[in-house]
1. Would you look at the GNM of chain A, springs on alpha carbons closer than 10 Å, and say which of A:ASP113, A:ASP31, A:ASP105 moves the most?
2. Using +1 at the Cβ of each Lys and Arg and -1 at the Cβ of each Asp and Glu in chain B, identify which of B:SER380, B:LEU345, B:ALA77 lies farthest towards the dipole's positive end.
3. If one takes the longest principal axis of the Cα atoms in chain B, at what angle in degrees, from 0 to 90 and to the nearest 10, does the Cα axis of helix B:143-173 lie?
4. Only Lys, Arg, Asp and Glu count, each charged at its Cβ (+1, +1, -1, -1), so figure out the dipole size of segment B:234-384 about its Cα centre, rounded to 20 debye.
5. Please list, or write none, the lysines whose alpha carbon is within less than 17 Å of the alpha carbon of B:LYS377, excluding same-chain residues fewer than 8 places away.
6. At B:ASP297 and B:THR107, where each label point lies 7 Å from the Cα along Cα→Cβ, what is the point-to-point distance in nanometres?
7. Tilt of helix B:67-97 relative to the longest C-alpha principal axis of chain B, in degrees (0 to 90, nearest 10)?
8. Put +1 on the Cβ of each Lys and Arg and -1 on the Cβ of each Asp and Glu in segment B:47-147; which of B:ALA65, B:PHE142, B:ALA131 then has its Cα farthest toward the positive end of the dipole?
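Laboratory data are not the source of any read-out in this text; all were calculated from the coordinates shown. The structure displayed is predicted, hence computed values, not measured ones. Every residue, glycine as well, gets a Cβ built from its backbone with ideal geometry; the counts of neighbours run over all protein chains shown.
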Amino acid sequence: MNRPRSSRRVFWTCVAFGWLVIAYGVWGLFDNATRTNPEQWIRWFMGSLVVHDFVVAPLTFAVGVFLVGRIPRHLRTPSQGGLIASAIVVLTTWPLLRGYGLRPDNPSALPNDYLAGLNIVLSAVWAVVAVVAIRSWRRRP
Amino acid sequence: MKSRPRPRKGPLKDGAFTSPLHSPRTAALLGIALGITFTVCFLTGVLSHFIQQPPAWFTWPSRPAGLYRVTQGLHVATGIIAIPLLLGKLWTVYPRLWQWPPIENPTHLVERISLVPLVAGSVFLLFTGIANISLWYPWRFFFPAGHYWASWITMGALIVHVGAKGAIVRRELRGRDPAGLQVTLNGGLSRRGFLGVLAGSAGVLTLTTIGQTFSPLKGLAALAPRRPDVGPQGFPVNKSAVSAKVLGSALDPRYRLRVTGRVERPLILSLDDLRTLPRHRATLPISCVEGWSATVDWEGVRVRRLLELAGVARGHSVRVESLQPNGLYRTSVLNSVHADDPDTLLALRCNGQVLHIDHGYPLRLIGPNRPGVMQTKWVSELVVL
């Protein structure tokens with residue numbers, strides 16, 4: 001790596017301090033093992049990396065590659081934006097949509113109709129997409 | 001004879017990732033935004049942890065009454081904002097995962113190893129956080145402990161990352177970059193367009209969830225796990241009487257409140273006794289660690305008043321015990337500042353009605369500037385420490 005001499009010292013200082021903080025976290029994890037259940041915790045922690053890097057990300061690229069040739073050039077920008085925003089909103093609200101947290105004894109938990117809410121949000125997103133798409137279609141050379 | 005290297009395939013191939021959005025500048029801008037949101041999220045989270053499990057040097061004040069509602073609302077809001085930022089950032093730098101050769105030198109090795117806790121921790125924190133506010137627990141560990149210790153590991157890794165990338169970020173931010181508005185080769189989003197979409201997504205998520213704590217926007221809270229005005233007597237419940245297993249004991253006519261511990265005169269009070277004591281009214285938020293909050297009118301007996309009756313001087317902390325037979329939130333501690341605050345009550349009524357059993361009938365603790373889990377419900381005993 002061609003990093004400037006000055007930042008080398010900064011880098012190793014940050015490495016030392018950062019790993020000290022990491023070590024504190026690992027110590028706390030095992031020191032509170034009855035609550036953190038390290039064997040389970042590690043599975044979910046490393047699982048987060050594996051699922052993102054080897055499932056979610058490749059799928060995202062695959063969808064992009066699949067769609068890029070199938071959408072007219074002048075509609076690509078708005079539809080790409082619409083798809084990114086939609087995917088983020090759906091992913092974030094997934095547990096609510098599935099209602100995993102619903103409790104028969106507590107109707108105040110997850111009180112909304114989340115599918116209806118999602119429909120409204122996605123309609124708004126795609127309305128913006130449509131406006132941008134129409135404008136860019138008109139402006140095509 | 002030198003053997004020819006095998007041709008690299010798939011993501012390892014030169015030019016496998018064509019989008020110019022995979023640029024250091026995109027990464028730098030998203031990195032700064034993530035650095036800010038993660039820091040705010042970390043500090044507010046550690047604060048909440050200290051309030052609930054205070055170290056010896058830490059005393060959480062009882063004023064301003066709505067401070068915890070703000071810090072914890074901020075914790076959840078910044079966590080939600082970080083979701084599009086993190087996904088965008090990881091997408092931007094994804095080609096680096098497949099860089100060839102994978103390790104260039106010892107410095108680079110240290111840098112890359114530190115990315116494991118950074119990426120794993122970032123995804124883990126946002127995933128477990130979102131699942132928790134959605135009341136979904138697919139794992140077998142105690143969420144607050146697992147989330148808390150993961151945050152230290154992630155922040156440590158973030159410090160290493162800032163050390164590794166700080167120089168690049170500074171270089172990228174110097175001067176204007178005319179490429180920002182250019183449409184990419186395939187007619188896709190420009191960099192500003194991409195960042196705008198991520199910011200817009202964060203905005204949409206914020207607008208549709210923040211109403212769970214910021215009531216002027218409650219009408220927009222279509223995707224919030226709670227609504228501040230939905231629940232018995234007009235506000236949400238986190239733990240019901242059924243799940244706390246107090247239905248029998250809370251409705252038992254033999255119910256008594258005890259004031260014990262380091263007291264001059266132990267007290268045993270029936271509900272009728274409590275009802276004859278001077279009442280105090282206070283409008284205080286109930287602020288959940290999960291990011292929702294609601295303002296409620298409470299009416300009840302001052303804790304300070306009960307301590308006076310038991311002959312307890314000012315300056316004592318008090319453990320508040322519930323009828324709940326078990327559970328980590330069965331008790332909470334009022335530090336002396338909270339115990340002596342004139343608005344810290346054992347409430348008998350809320351919003352003009354006798355407490356609903358899910359809100360802690362016959363008696364619940366409510367005090368200014370406290371996490372909801374420390375506003376103990378179904379109170380059976382005050383133990384003066």
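1. Its mean-square fluctuation being the largest, the pick is A:ASP105.
2. Looking along the dipole axis, the top candidate is B:ALA77.
3. Relative to chain B, helix B:143-173 is tipped by roughly 40 degrees.
4. 220 debye
5. Here the lysines satisfying the reach criterion relative to B:LYS377 are B:LYS239, B:LYS245.
6. In this crude label model, B:ASP297 to B:THR107 measures out at 6.6 nm.
7. Once rounded, the angle reads 20 degrees.
8. Ranked along the dipole, the leading option is B:ALA65.
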